[in-house]
1. With A:GLU64, A:GLU88 as the choices, which residue is among the acidic types (Asp, Glu), surrounded by 12 or more Cβ atoms within 10 Å (Cβ to Cβ), farther than 20 Å from A:THR5 by Cβ and within 16 Å of the chain's Cα centre (by Cα)?
2. Filter the range B:65-85 down to residues that are within 18 Å of B:ARG109 (Cα to Cα) and part of a loop (DSSP other than H, G, I, E, B), then give me how many there are.
3. Going through A:VAL81, A:VAL95 one at a time, which residue ends up being more than 9 Å from chain B (Cβ to nearest Cβ), modelled with pLDDT under 90 and within 17 Å of the chain's Cα centre (by Cα)?
4. Search the range A:67-88 for residues that are among the small types (Gly, Ala, Ser) and pair each with any residue that is in a loop (DSSP other than H, G, I, E, B) when their beta-carbon atoms are under 6 Å apart and the residues are at least 6 apart or on different chains.
5. Being in contact with a strand residue (DSSP E or B) (Cβ under 6 Å, 6 or more places away or on another chain) and not in a strand (DSSP E or B) is the filter; apply it to the range B:31-52 and report the residue that is nearest to the other protein chains (Cβ to nearest Cβ).
6. Quick check on my filter: what residues within the range B:12-28 are of a type outside the set (Val, Ile, Thr) and buried (at least 18 other Cβ atoms within 10 Å of the Cβ)?
7. State the number of residues belonging to the range B:61-107 that are facing another protein chain (nearest Cβ under 10 Å), among the hydroxyl-bearing types (Ser, Thr, Tyr) and within 10 Å of the chain's Cα centre (by Cα).
8. Keeping to the range A:14-28, report how many residues are among the hydrophobic types (A, V, I, L, M, F, W, C) and either under 17 Å from the mean Cα position of the chain (by Cα) or within 14 Å of chain B (Cβ to nearest Cβ) (or both).
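The values are calculated or read from the model by the stated rules, or taken from the named source; none is laboratory data. Everything quoted here is computed from the prediction, not taken from an experiment. Here the Cβ is made from the backbone with ideal geometry for all residues, glycine too, and neighbour counts use every protein chain on show.
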Amino acid sequence: AQSVTQLDSQVPVFEEAPVELRCNYSSSVSVYLFWYVQYPNQGLQLLLKYLSGSTLVKGINGFEAEFNKSQTSFHLRKPSVHISDTAEYFCAVSVKGGGADGLTFGKGTHLIIQP
Amino acid sequence: DTGVSQNPRHKITKRGQNVTFRCDPISEHNRLYWYRQTLGQGPEFLTYFQNEAQLEKSRLLSDRFSAERPKGSFSTLEIQRTEQGDSAMYLCASSGGNNSPLHFGNGTRLTVT
């Protein structure tokens with residue numbers, strides 16, 4: 001089975017500052033990696049995904065993430081955050097080949113942007 | 001692409017009552033998932049359909065829970081004899097295949113009083 005650890009439950013940053021949200025995973029097989037964002041009272045929206053190829057993945061809203069196989073990490077970064085980035089961010093993994101249980105999520109990191 | 005649609009958005013019910021939620025996936029997607037999300041947690045897998053076949057169920061899905069996808073299109077999730085611990089956001093997602101990301105609906109928030 002696979003698992004996801006998001007090391008920070010909350011990350012406060014000032015507007016226009018850079019941010020990194022940490023994600024580590026554990027799996028006995030190869031995985032795909034995802035970051036989702038959830039705004040209050042809404043479903044999850046895909047930010048970016050890593051399936052194969054370049055380990056640096058660019059997503060929507062200026063976010064990017066880097067897959068590091070040796071450290072089993074997939075940290076999310078943005079060079080300059082905006083008030084509208086305030087949301088809950090979830091890292092997720094799925095088993096290559098299509099596990100029947102879809103995605104395994106971390107507990108989420110609440111990104112708080114301070115003016 | 002109208003996205004994944006879930007109804008109702010909110011449901012308040014008394015303990016012991018039955019509730020049913022509906023999910024309409026993206027039309028060309030053959031895979032449909034139900035997840036449950038409680039406060040401060042990530043979504044947890046409940047069950048998965050490929051077309052009309054229910055292929056996987058989590059141990060979180062007790063006997064009081066049942067899901068159907070009779071024609072391989074929309075799906076329903078029913079909870080019988082609701083308990084306060086069932087209060088959560090119930091999320092539906094669909095995808096088009098093995099490497100395709102999941103597209104989520106806005107969820108149904110259930111409150112059991």
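1. None of the other options fit; the residue is A:GLU64.
2. The first filter runs over the range B:65-85 and keeps only residues within 18 Å of B:ARG109 (Cα to Cα), leaving B:65-67, B:75-85.
Keeping just the survivors that are part of a loop (DSSP other than H, G, I, E, B) gives B:80-83.
Total meeting the criteria: 4.
3. A:VAL95
4. So the pair list comes out as A:SER80/A:GLU16; A:ALA87/A:TYR39.
5. Within the range B:31-52, the match that is nearest to the other protein chains (Cβ to nearest Cβ) is B:GLY42.
6. B:PHE21, B:CYS23, B:ASP24, B:PRO25
7. Going through the range B:61-107 one residue at a time, the tally reaches 0.
8. The total comes to 3.
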